[in-house]
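Shown next, in structure tokens, is the structure this report addresses.
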Amino acid sequence: MNYRLLYFASLCDAAGCAEEQVASGARDVSALYAELAARHGFTFTPDRLRVAVNGAFTDWNHRLVENDEVVFVPPVSGG
Amino acid sequence: MFAISEAPIDVAGLQHGLEADGAGAVVCFEGRVRNYNEGRAVNGLSYQAYIELAEAEGRRIVEEARSRFAVERISCVHRVGDLALGDVAVWAGVSAGHRAAAFDACRYVIDEVKARVPIWKREHYVEGDSEWLHPESTPK
């Protein structure tokens with residue numbers, strides 16, 4: 001399936017882009033993160049990240065559908 | 001009200017927005033760009049946000065504060081982009097009938113924004129390097 005990934009902060013630096021279209025066999029966000037972490041060298045373990053699908057926080061078991069927009073949210077540092 | 005802003009924060013305008021006939025207390029917090037962090041000299045910050053989710057989460061925090069404390073008005077704005085020393089990075093203001101609720105609600109809003117809203121800062125050091133901050137937890 002095809003997903004749209006947005007990357008922020010150090011994940012953006014590691015991926016080398018702010019967004020990309022990904023064709024993947026992953027069917028949930030957990031499997032998708034494992035695949036992308038291996039490809040881009042992401043060093044965060046999932047317990048340090050939150051995940052959002054289509055603009056809303058969700059959990060790591062979230063089942064993905066075609067054209068979902070997925071964001072792995074690294075630890076925040078606003079303020 | 002919660003917003004992400006690419007333009008400098010209009011503090012006077014935001015304070016004006018807190019006015020209410022029942023507001024006997026107004027508490028405002030300004031988070032400003034500081035010239036050091038964890039032993040290193042800093043000469044600027046860049047902020048990035050996942051704007052869609054940041055504004056949704058920020059509005060949720062404001063509504064939580066409204067349900068927890070007896071307040072009149074709440075506003076919070078966070079900057080994105082490149083900021084210089086002394087610039088206001090985040091502004092939170094609360095008006096309420098009495099000071100306890102105003103202080104408590106303002107503290108709640110800024111603490112939750114720092115902990116939950118998807119915004120990241122990149123520190124620029126005087127030596128010329130820079131890095132994104134991804135803290136385990138943030139000092140209060």
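The values are calculated or read from the model by the stated rules, or taken from the named source; none is laboratory data. The shown structure was predicted, so the numbers you read here are calculated from the model rather than taken from an experiment. No Cβ is skipped: glycine too gets one built from the backbone with ideal geometry, and neighbour counts run over all protein chains shown. We work out accessible area using only protein heavy atoms, side chains counted, and drop any ligands, DNA or RNA first. Shrake-Rupley method; radii C 1.70, N 1.55, O 1.52, S 1.80 Å.
Comparing B:22, B:76, B:37 along the charge dipole axis of the protein assembly as shown, the residue lying farthest to the positive side is B:22, per the Cβ-charge model. Against chain B, whose longest principal axis comes from its Cα atoms, helix B:51-68 is set at around 40 degrees.
Between residue B:1 and residue A:23, the simple spin-label model (points 7 angstrom out along Cα→Cβ) gives 4.8 nm.
How about the stretch B:19-115: which GluC sites (Glu not before Pro) there lie in a loop by DSSP and see at most 15 other Cβ atoms within 10 Å? Taking the stretch B:19-115 and a limit of 15 other Cβ atoms within 10 Å, the loop GluC sites (Glu not before Pro) found are B:19, B:38. Take the accessible area of A alone and of B alone, subtract that of the pair with a 1.4 Å probe, and the total buried over both chains is about 1900 Å².
Under a Gaussian network description of chain B, with springs only between Cα atoms under 10 Å, the residue in B:13, B:81, B:44 that fluctuates furthest is B:13.
Surface composition of chain A: carbon and sulfur make up 50 percent of the accessible area, probe 1.4 Å. Suppose the Debye formula is applied to equal point scatterers at every Cα of the stretch B:2-127; what is log10 I(q)/I(0) at q = 0.09, 0.17, 0.20 Å⁻¹? Rounded to two decimals, the profile gives -0.26, -0.84, -1.08. Within 10 Å of the Cβ of each residue in A:51-57, the mean number of Cβ atoms contributed by other protein chains is 3.
Taking label positions 7 Å along the Cα-Cβ direction at both residue B:67 and residue B:46, the computed distance is 3.8 nm, reported to one decimal. Computed over protein heavy atoms with a 1.4 Å probe, the accessible surface of the protein assembly as shown works out to 48 Å² per residue. Does the stretch A:2-73 come out rounded, prolate or oblate, given a ≥ b ≥ c as the square roots of the eigenvalues of its C-alpha gyration tensor, rounded meaning a/c under 1.5 and, failing that, prolate meaning a/b above b/c? Rounded is the answer for the stretch A:2-73, as its axis ratio a/c remains below 1.5. Projecting the Cα atoms of B:46, B:11, A:2 onto the charge dipole of the protein assembly as shown, computed from C-beta unit charges around the Cα centre, puts B:11 farthest toward the positive end.
Taking all protein chains together and rolling a 1.4 Å probe, residue B:87 ends up with roughly 50 Å² accessible.
Taking every residue in B:45-53 and counting other chain Cβ atoms within 10 Å of its Cβ, the average works out to 5.
Taking all protein chains together, A:43, A:58 sort by accessible area into A:43, A:58, largest first [probe 1.4 Å]. Of all the options A:48, A:27, A:63, the one that moves most in a Gaussian network model of chain A with Cα springs shorter than 10 angstrom is A:48.
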